[in-house]
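Every number here is computed from the coordinates shown, using simple stated rules; none is lab data. On a predicted model such as this, the values are computed, not experimentally measured, just so you know. In this analysis, Cβ positions are derived from the backbone assuming ideal geometry, glycine residues included, and neighbour counts consider all displayed protein chains.
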Amino acid sequence: MLALSCMTAFAADPVQAISKNDKELQALLKKKSLTKKDNERVKALLSDVFNFKLLAEKSLPKETWESLDEASKSTFASEFQRMVRNSSAKRLEMYRTDSTIYDAPKMKKNNTEANVTAHLWYKGKESVLVYKMNLVDGNWMAWDLVIDDLSTARNYKEQFATILKTKTFADLLETIKKKADESEE
């Protein structure tokens, strides 16, 4: 499902960036069972598509992010990435597709930002994904994934804001680390 990607070379078209890794991911998911090496490759494909620093920033209330020093921001982004990557790799069924069709990208801000819509079908059911992307060092990277109108960044932001109403940032970070550890293979 997560038609994933981030090309290592310059990606002139954000759709190419997404579809390249999606093909590899779908080939892996067609196997009856995955080896440890296959699982690591799946995690890499899931990680490669996202600009986790920006996703982490967008997942916290603005005032919380701005109050953090650079070391705390880096630690949060790293642990957040580990949590998302590990939990996503455990739920591989959600990434399976029978077919995918990509709309032309909707370019923004001098062609440095784009929204790419993917229509995915699995067992006759369609899901619509919108990748909110930007250019990072010449590569297209997603900072949000909207699945059937549900934003990943907004979902995390709402959850984290609720936690931060009664707990500290250190508590939130510890929770994220525990979740990452629980889902690690």
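Under a Cβ-Cβ cut-off of 10 Å, what is the net charge of the residues other than ALA118 that fall near it, where Lys and Arg count +1 and Asp and Glu count -1? Mind dumping the intermediate values first?
Details: positive: none; negative: ASP22, ASP103.
For residues surrounding ALA118, the net value is -2.
For LYS179, the lysines whose Cα comes closer than 21 Å to its Cα, not counting residues fewer than 8 places off in the same chain, are LYS36, LYS43, LYS53, LYS58, LYS73, LYS90, LYS157, LYS165, LYS167. In this simple spin-label approximation, GLU158 and SER67 carry label points 7 Å from Cα along the Cα→Cβ vector, and these lie 2.3 nm apart.
Wrap a convex hull around the Cα atoms of the chain, take a quarter of its surface area, and give that in square nanometres. Numbers along the way, then the final one.
Details: hull surface 44.1 nm².
The directionally averaged projection comes out at 11.0 nm².
Local charge for GLU158 was computed over the other residues whose Cβ lies under 13 Å away, with Lys and Arg +1 and Asp and Glu -1, and equals +4.
Against the longest principal axis of the chain, how steep is helix 152-166, in degrees 0 to 90 to the nearest 10, with axes from Cα atoms? The angle comes out near 20 degrees. Just report the Cα centroid separation between region 100-122 and region 27-45, whole Å. Each part's Cα centre sits 26 Å from the other's.
Three principal axis extents describe the C-alpha atoms of region 76-185; from largest down they are 42, 38, 25 Å. Taking the Cα-to-Cβ direction at LYS165 and at ALA44 and moving 7 Å from each Cα, how far apart do the two end points lie in nm? For the pair LYS165/ALA44, the computed spacing is 4.3 nm. Within region 127-154, name every residue whose backbone N is under 18 Å away from a label modeled 7 Å from Cα of LYS23 along the Cβ vector. Residues 140 fall inside that zone.
Compared with the direct C-alpha span, the chain from SER74 to THR117 gains 12.5 nm at full extension, assuming 0.36 nm per residue.
Compute the helix-to-body angle for 70-90: its Cα long axis versus the longest principal axis of the chain, expressed 0 to 90° and rounded to tens. That works out to roughly 40 degrees.
Among the trypsin sites (Lys or Arg not before Pro) in region 108-162, those placed in a DSSP loop whose Cβ has at most 10 other Cβ atoms within 10 Å are LYS123.
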